[in-house]
Amino acid sequence: MPGFVRVLSPSLLAWPDYDGNKMFQTLGNLSVNSTAGLLFLDFDSGDTLQLTGTTEILWDEQAVRDFSGAQRLIRFRIERVIATSNLIPFTWKVIEYFPFNPQQK
């Protein structure tokens, strides 16, 4: 859903983590090595935004209060940005959003 990843400042993003398959593999990997990369695709224009940086897992209730149903919050500090125009050779249109995404407040 739009707004899933929130911009907290020019160099800081956050997104909620929800109860899943109880394996915590991504969170376990981030606990061992906080370095991560994110890729955002603009399906209308074909542009991409690549971000690299470090993560922090916030487990406290205060951190997740704005994300209905979330158990944790991942905070991502941006260290490098690569924006590429018209990289994807085709475009898509959203027909409908996945109906099982947790609803935001």
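Just so it is clear, none of the values below were taken in a lab; they were calculated from the coordinates. Just so we're clear, the structure is a prediction, and the values are computed from it rather than from any experiment. Here Cβ is always computed from backbone atoms with ideal geometry, including for glycine, and neighbour counts include all displayed protein chains.
Quick look at the values:
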quantity: Label-reachable residues, the range 48-76, where backbone N falls under 13 Å from a point 7 Å from Met1's Cα toward its Cβ; calculated: 66-70
quantity: In the range 1-96, trypsin sites (Lys or Arg not before Pro) in a DSSP loop with at most 16 other beta-carbon atoms within 10 Å; calculated: Lys22, Arg65, Lys93
quantity: Cα-based convex hull volume of the chain per residue, rounded to whole Å³; calculated: 124 Å³
quantity: In the range 43-105, GluC sites (Glu not before Pro) in a DSSP loop with at most 13 other beta-carbon atoms within 10 Å; calculated: Glu96
quantity: Sum of -39500 (n - 2.57) over DSSP H runs of 4+, divided by residues of the chain (222 nm, nearest 500); calculated: -2500 deg cm²/dmol
quantity: Equivalent ellipsoid semi-axes - Cα gyration tensor, the range 59-99, angstrom; calculated: 31, 20, 6
quantity: DSSP-loop chymotrypsin sites (Phe, Trp or Tyr not before Pro) across the range 38-105, with at most 13 other Cβ within 10 angstrom; calculated: Phe43, Trp59, Phe90, Trp92, Tyr97, Phe100
quantity: Calculated FRET efficiency for the pair Gln71/Thr91, C-beta based, R₀ 35 Å, to 0.05; calculated: 0.50
